[in-house]
Amino acid sequence: MTLRTDILGQDVLLRDAASVDHWNKTVMAFLAHSAATPTHLGALLEAEPEFAMGHAVKGMFYFLLGRREMIAGAEEALQTAKTHLATRPSNTREAAFVEALDVTIKGSPLGSIAAMERILDTNPQDTLAMKISHAVRFMLGDCQGMRRSIERVLPTYDADHVARGYLLGCHAFALEETGDYAKAETAGRMGLGLAADDAWGLHAVAHVYDMTGDSKGGINWLTGREAAWEHCNNFRYHVWWHKALMHLDQGDTETVLDLYDTEIRKDKTDDYRDISNATSLLSRLELEGVSIGNRWEELADLSEKRTEDGCLIFADLHYLLALTGGKRDDAITTMMTRMRRDATDLRNELASVTAHPGIAAAAGLEAFGEADYHTAYLNLARAREAMPNIGGSHAQRDVFARLTIDAAIRAGYHGEAQRLLGDRTKLRAGKNDRYTQARYDLIAQAEAAAPAFLHSAE
């Protein structure tokens, strides 16, 4: 076994140059969200099955999929990694990746972040550790932590570091999620200039256009840059989702439905990220009064099979959108029962998020689906301030903000709806988008009609 240096300048214990090449391709593919990532990792582990760090990374990839059936694979990867860590030479980096997987499987994603950050303490240019820390923080909704993590290592990257573009893409996303929109756009554009396949950085700039109310500019930004995300795993569907959101803001619902059918649901997967793209888009369309035909059916069919999943509350709430859209009452009851049970599991750090805001948000979604807007509003409003803790981005969670506002309007809580609209506008750089203006108009119409209705009732 020989101590070698990988493409990031980090030490790896691998047998030969061919193994290092497989590892380098795995790392760079992961940074780019490439569909080829598992292929490269598989080739590495076939060539060098005793590489503990490779198995640890494989296990972390399983965890990031957020699927109950992947846990067994992650546990197997952990045991294999531990075995080889104990029987062959290793280094502190390798041990830290194994530790990260170990604590993650035990229910502590915060522990995995801590392990990655310890690596960055001594190896700040380890972009793989940075990206995994970033990815787990994203799942936890920790935008401030994402930004701190990146900004403490950013000064150590030389202009010619092979992964600087991907680091800037992550920085762009963290800046956007913390409201620093101008800097986020600059960082994202710079990152894409260095790494033309950095779909994460490209999509961070799309977020900026969304959050600053410039949907036309966002469409222009994404159009012609498809090569930056065509190579991706299912993340490519998410970028198409962003483009669909921008067309929705333009009122071009025909294009939205076309993108839904031809790109966003091109492959009918049950990956929670793909389900979240689809369900949140259909929900937005229905709130605008757009008929979506039978599109809920395939999502509800898939989501019925995920009621016992419970890996991420973010996923659960999007499965619930599908189940309410598809009127699957028995499956909704099953999922609500399981969520209440999960909320009491003190072994898992995510249980507190299931307890709050998860239970209230789920009850709100169930009530909204039953047209009980009073109950829907009270529950969604109760969950609202803690919703960032479910993970995802502002843009992804905005579907729940819209449902809260619409529930308030339909239940007659016009003052509360106006306050929520104002808060939403502040978050979005003080810009009113099409949705916001339409809701102010609805409230004005309802209040103007109220005196006439009361007079006629007399």
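Might you let me know whether region 222-230 holds any residue that is under 24 Å from Arg434 (Cβ atoms), open to solvent by less than 60 Å² (accessible area, probe 1.4 Å) and among the basic types (Lys, Arg)? Within region 222-230 (the criterion being under 24 Å from Arg434 (Cβ atoms), open to solvent by less than 60 Å² (accessible area, probe 1.4 Å) and among the basic types (Lys, Arg)), the answer is no, since none of the residues qualifies. Out of Asp6, Asp11, one residue alone is open to solvent by 60 Å² or more (accessible area, probe 1.4 Å) and touching a strand residue (DSSP E or B) at 6+ places or on another chain (Cβ under 7 Å). It is Asp11.
Taking (1) modelled with pLDDT of 95 or more; (2) under 23 Å from the mean Cα position of the chain (by Cα) in turn, Arg68 satisfies each apart from (1). Take region 328-382 and flag every residue that is more than 29 Å from Ala417 (Cα to Cα), over 23 Å from the mean Cα position of the chain (by Cα) and of a type outside the set (Lys, Arg). Within region 328-382, Asp330, Ala331, Thr334, Thr337, Thr344, Asp345, Leu346 qualify.
Scanning region 203-224 for residues that are within 20 Å of the chain's Cα centre (by Cα) and more than 15 Å from Ala395 (Cα to Cα) gives a single hit, Leu222. Entry remark, region 315-331: residues being surrounded by fewer than 24 Cβ atoms within 10 Å (Cβ to Cβ) and under 25 Å from Glu349 (Cα atoms) number 0 in total. What do you reckon, is Arg189 among the charged types (D, E, K, R) and within 16 Å of the chain's Cα centre (by Cα)? Answer is no for this residue. The single condition among (1) within 27 Å of Tyr181 (Cβ to Cβ); (2) open to solvent by less than 20 Å² (accessible area, probe 1.4 Å); (3) under 23 Å from the mean Cα position of the chain (by Cα) that Asp423 does not meet is (2). Only residues that are in a helix (DSSP H, G or I), in contact (Cβ under 8 Å) with a residue 12 or more places away in the chain, in contact with a His (Cβ under 7 Å, 6 or more places away or on another chain) and hydrophobic (A, V, I, L, M, F, W, C): list them for region 26-44, please. Ala43, Leu44, listed by residue number. Going residue by residue through region 417-427, is there one that turns out to be in contact (Cβ under 8 Å) with a residue 40 or more places away in the chain and either assigned to a helix (DSSP H, G or I) or under 29 Å from Gly326 (Cα atoms) (or both)? Checked against the condition, which is being in contact (Cβ under 8 Å) with a residue 40 or more places away in the chain and either assigned to a helix (DSSP H, G or I) or under 29 Å from Gly326 (Cα atoms) (or both), region 417-427 yields at least one hit. Residue-level analysis places Gly364 among those that are surrounded by 24 or more Cβ atoms within 10 Å (Cβ to Cβ), part of a helix (DSSP H, G or I) and not hydroxyl-bearing (Ser, Thr, Tyr).
Of the residues that make up region 50-57, is at least one in contact with an Asp or Glu (Cβ under 6 Å, 6 or more places away or on another chain), open to solvent by less than 60 Å² (accessible area, probe 1.4 Å) and under 14 Å from Leu101 (Cα atoms)? Yes, region 50-57 has at least one match.
Among residues of region 344-361 being closer than 18 Å to Pro109 by Cα, modelled with pLDDT of 95 or more and among the aliphatic types (A, V, I, L, M), the one that is most open to solvent (accessible area, probe 1.4 Å) is Ala355.
Under the condition of being in contact with a helix residue (DSSP H, G or I) (Cβ under 8 Å, 6 or more places away or on another chain), in contact (Cβ under 8 Å) with a residue 24 or more places away in the chain and not in a loop (DSSP other than H, G, I, E, B), the residues counted in region 1-25 number 8. Of all the residues in region 14-36, those that are polar (S, T, N, Q) and open to solvent by 10 Å² or more (accessible area, probe 1.4 Å) number 2.
The values are calculated or read from the model by the stated rules, or taken from the named source; none is laboratory data. Given the structure is predicted, the values throughout are model-derived calculations rather than measurements. Neighbour counts run over all protein chains shown; Cβ positions are idealised from the backbone, glycine included. Heads up: the accessible areas ignore ligands, DNA and RNA and are worked out on the full protein's heavy atoms, side chains in. Shrake-Rupley method; radii C 1.70, N 1.55, O 1.52, S 1.80 Å.
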